[in-house]
Structures are given as C-alpha cells and as structure tokens.
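Data first, discussion second: the structure below is written as structure tokens.
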Amino acid sequence: MTRLVICVLLCVASFVHGGHEKYEGHQLYRVAGFNEQIRELEASLDVLSATPAARSDSGKLEALVRLAPEEKEQWLHYFHRNNMVYTKIADNLAEILRKEESEIQFSKEAAKRSGKSISFDTYYRHDEINAYLDELAEEYPDLVTVINAGLSFEGRQIKYVRISSTRFENLRKPVIVIDAMAHAREWVTTPVAIYIIHQLVVEASESPLTQSIDWIIIPLVNPDGYEYSIDVDRLWRKTRSTAHDGADECPGVDINRNFDHHWGTVSSSANPCSIIFEGPSAFSESETRVVRSAVMSNLERTSLYISLHSYGNMFLYAWGNNATLPPNGLILHLVGINMANAIDEKALDKADRYIVGNAANVLYFTTGTSRDWTRAVGIPLTYTLELPGYEYDFIVPPKYIKQIVTETWAGIAVGAQYVLSTW
Ligand SMILES: *[C@@H]1O[C@H](CO)[C@@H](O)[C@H](O)[C@H]1NC(C)=O
C-alpha cells in the first residue's frame, strides 16, 4: 500500500497540465447526417463521437465535432450544403477542459484524504494504475497475476492481470478478456476495467464469476497516448508512435484500426493525419500486439471479449467491415441485449438507453477493429462497449465515474453468467 500512497501524494499535484490554450475558442457542434456523411467527416474533422441520431431523426447518425475558429464558417457551409442539421453545443472547449481539470484536481485531493489505495471518484495516471495492479498481485497472490506484457512505443510498461482461482491451469474453465483505453482520450474506460478487477478480486472473490472463470484484463492499453492526453492534449486518441511516413507532422496510430482484419482496405484510414489512421501495417503498434498476445494466450477457451470505449451507450458486434452478421449473430444480439438491459436498469434517469447492434449497421463501416479481429480468430462473443458520457461525451466529470463503473459491472456480470451457463 505504501508505495501507492506515496505516489498519490507526489502525483496528486500534477494530474493535468493542460495545454488547453490550443482549444481556445474552439466550439463543439452536434451534426446529423447519413452514416456515410458522418464517416466521411472522420477523415478530416475531429469527430469526438458518433451515435445513432435522436429517435426523431432515425436512420441518421449524430456526431459531436470540434470546429476551430478559422475553419468554422467553411464547415457550417459544408453542413448546410449537404443538408446536415447542426446545433452548437459549447462555445469554448478550452473552458470546458479547464473546468474538467479543476474538478479532477479536487477529486484527487478528496480521494487522497479518504486514504484508500484506489477510489472510483477520480482518475489516475499510468504509473499509479500499474502500482495498484502490482499491489493487488502482492495482496492476493492466489488469485491475481500481473503480466508485464510489453513496452509501449515510448517505453512504458503495459501490464495486464490474470485473475484465476486455479492459476490458469484448469483448462476446462472459460476465459473472458477485457481491454480498456485503446483510445487515449476515453478516460473513463480504465476505471471501469479497474472496477471489474476490484469486484472479482476484492468484493466478490467467492462468487462463481471469480471461481469458475479465468479473466484477462488489460486496463490501460495505450499509456503513451493516455499520458499525452493528460499532459499535452486532452483530445489525443492514437498512440504516440513515429514509425510511419508522415509521422513528423502526424504521429500516432489508431489502435482500433490497427488489427489484422480487412486492414488496409479503405482509404480514409490510410491518412496519417486522420484520427482513424490504421498505421503502416497491421499490428504495427506494440500496444496492439499486447492485446493480440493476451487474446491468443488462451484462445481456445476464450468465450467473451469486450473492448471498452467511450462514448455512446452501445454494444456493437461484428462485422464492421460489411453489414452482414457472423453465423452466431442472433446469440451476439441476445447476449448484448441482456448486458445492456442490466446496465439500463441501474442507469441514471437522464442516461440514453443502450443500443445493441451490428457495428456497420448502427454506425458505419470500419476496418482493423479489435472486435472484428477477435471474432474472426474464433472468440464467439466479441463487443465494442461504448460507455455513457453524460456531459461532453468522453469528457466524463469524475463525479460520474462511480455510477458508470457500477452500472457497467452489472452488464459485465450478466455476460459472464451467460458464459458460465452455456460452457
Ligand atoms: C463480410 O465480412 C465477413 C468478415 O470478414 C466475411 O466473412 C463475409 O464473407 C463478408 N460478407 C460479404 C457479403 O462480403
């Protein structure tokens, strides 16, 4: 415990250093359009999220986009010309980010005073998360093993935990794999992963979910991007790698376009400056390879894979590369619905209800996603889980973390129970 306490004392003063000036005067707009229109925006605009449009405008998508002052008029004309309905959501992104920063600072201090080694009322840095995982393994050696799975591009240790009451030696048990923070700016995903670990190890270790399932949980896939999003650019999404042509101007790769599933088949992901850059080759990123090796380590008995993202209240299943379903599409849908219902039951009144569906139908075509790749290599149930946001999509104020982690756990538990009941 002491190590983390010391770190918290030292690290608390420095959670966010901002770099928010670059967003001074940037505005957020919500814009509705057909799926292909929204998808096209992703190639040249910062699309913070895309979700099915409000029920009144069904058949369309809504995107939250950031417009810099100098490009704003041009884009509003573009939306108008293309019959895309838009509304302004926020006037000054820098202001929103400064408010978030001070809320996090406040929540860190409160969490520190509480004296707990981890709290679900605030966000932690990469080294704090790693220290917590190591502590847990020390404290629960019969249940938790920390795997130092590889280094990020900038040399940070990416860890994952294996949770098993039989040290992964009983090959008759099913395996569930969960990862978080492939996208750096989606901060609430790591607390959700940590909470799942916490439930399985600390709160309910005697339950069948812990005793009869082996779990692999990767709480922070993209530490370089995450740390960069704290220190320099809150909206950073990709890795920080520079091993591709064009990296001087546009470093980083979108991990969730870097998997080897129809990789390299659409041009909009080939531009290094786009937020969905797929990388110079499939699995070019060490971060992606960590997920691959975790998944491949126990593939034959892995029945459920969930990749945690933010934002949108959605369970998305394969395929993303075309709008057909895998052979077990009906089961994917049913299990997705059951997980979603369990979450909705615990959600805040103002939350949007979860949407469950085929990724290409609900949103648009994507290639190289972890969800499609894991389905293709043989895991029967694989999902992208887009968590709720409440304020500015993936900018989730710390006061909502506890709500999101507890409601999401309810859904994960239902998925795990399904795995057990059919194994
Ligand atoms: C859609 O993609 C899947 C996964 O790659 C593939 O198995 C299937 O044949 C494709 N279907 C069509 C109609 O292209």
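The values are calculated or read from the model by the stated rules, or taken from the named source; none is laboratory data. Note that the coordinates shown come from a computational prediction; the quantities given were computed from them, not determined experimentally. Neighbour counts are summed over all protein chains in view; Cβ atoms, including those assigned to glycine, are modelled from backbone coordinates with ideal geometry. Each accessible area value is taken on the protein alone, full model and side chains, heavy atoms only, with ligands, DNA and RNA left out. Shrake-Rupley method; radii C 1.70, N 1.55, O 1.52, S 1.80 Å.
How big is D for the stretch 68-171, in µm² s⁻¹ as a whole number, if Stokes-Einstein is applied with the Kirkwood radius of its Cα pairs at 20 °C and 1.002 mPa s?
117
Most mobile of His77, His126, His261 per a Gaussian network model of the chain (Cα springs, under 10 Å)?
Comparing His77, His126, His261 in the GNM, the peak value goes to His77.
Would you please classify the overall shape of the stretch 357-423 from the alpha carbon gyration tensor, given that a ≥ b ≥ c denote the square roots of the eigenvalues, rounded means a/c under 1.5, and beyond that prolate means a/b larger than b/c while oblate covers the rest? It would help to have the intermediate numbers written out before the result.
Details: a/c = 2.83, a/b = 1.25, b/c = 2.25.
Oblate is the answer for the stretch 357-423, as a/c is 1.5 or above yet b/c matches or exceeds a/b.
Whole number please: convex hull volume per residue, Cα atoms of the stretch 200-338, in Å³.
153
In whole percent, what relative contact order does the chain give with Cα contacts below 8 Å and a gap of six or more residues?
17
Rolling a 1.4 Å sphere over the protein heavy atoms, what is the accessible area per residue of the stretch 168-287, to the nearest Å²? It would help to have the intermediate numbers written out before the result.
Values: 3510 Å² over 120 residues.
Per-residue accessible area for the stretch 168-287 comes out at 29 Å².
At 222 nm, what value in deg cm²/dmol follows for the chain if DSSP H runs of at least 4 each add -39500 (n - 2.57) and the sum is divided by all its residues, to the nearest 500?
-11500 deg cm²/dmol
Using the Kyte-Doolittle scale, which helices in the chain average at least 0.0 and also have C-alpha atoms spread 30 Å or more along the helix axis, with helices defined as whole DSSP H runs?
401-422
Just the accessible area for Arg257, please: 1.4 Å probe, Å², rounded to the nearest 10?
Its accessible surface works out to 20 Å², give or take rounding.
Please identify, among Val253, Val291, Val396, the residue showing maximal mean-square fluctuation in a Gaussian network model of the chain using a 10 angstrom Cα cutoff.
Val396
Going Cα to Cα from Lys88, which lysines come in below 16 Å? Please leave out same-chain ones fewer than 8 positions away.
Filter leaves Lys72.
Hey, if we sort Leu304, Leu171 by accessible area with the 1.4 Å probe, largest down, what's the order? Don't jump to the answer; show the numbers that get you there.
Details: Leu304 0, Leu171 120 Å².
Putting Leu304, Leu171 in descending order of accessible area: Leu171, Leu304.
Test of understanding: in a Gaussian network model of the chain with alpha carbons linked when under 10 Å, which of Glu285, Glu42, Glu203 would top the mean-square fluctuation ranking?
So, out of Glu285, Glu42, Glu203, the one fluctuating most is Glu203.
Output the peptides 232-238, 115-121 sorted from most to least packed, where packing is the average of other Cβ atoms within 10 Å over each peptide's residues.
My ranking of the peptides, most packed first, is 232-238, 115-121.
Around Ser49, which amide H atoms from residues at least 5 apart in sequence, or from another chain, sit under 5 Å from its own amide H, with H modelled in the peptide plane?
Amide H neighbours of Ser49: Leu64.
Determine the principal axes of the Cα atoms in the stretch 25-91, then give the extent along each, sorted from largest to smallest and rounded to whole angstroms.
Over the stretch 25-91, Cα extents along the principal axes are 31, 20, 19 Å.
Which of the residue pairs Lys108/Lys159; Lys99/Lys238; Lys108/Lys399; Lys99/Lys346 have a Cα-Cα distance greater than 19 Å in the structure shown?
Listed pairs above 19 Å: Lys108/Lys159; Lys99/Lys238; Lys99/Lys346.
Nearest 5 is fine: what % of DSSP beta bridges in the chain come out antiparallel, could you say?
Rounded to the nearest five, the antiparallel share is 60 percent.
Against the empirical 2.2 N^0.38 Å scaling, what ratio does the C-alpha Rg of the chain come to?
Cα-based Rg divided by the globular estimate yields 0.93.
³J(HN,Hα) across the stretch 257-267 via Karplus (A = 6.51, B = -1.76, C = 1.60, θ = phi - 60°), whole Hz, x for Gly/Pro?
10, 9, 7, 7, 9, 6, 5, x, 9, 10, 6
So how exposed is Met339, as accessible area in Å² (1.4 Å probe, rounded to 10)?
The value for Met339 is about 0 Å².
With only alpha-carbon atoms in the gyration tensor, what are the semi-axes of the equivalent ellipsoid for the stretch 250-311, in Å, largest first?
Semi-axes (√(5λ), whole Å): 23, 12, 11.
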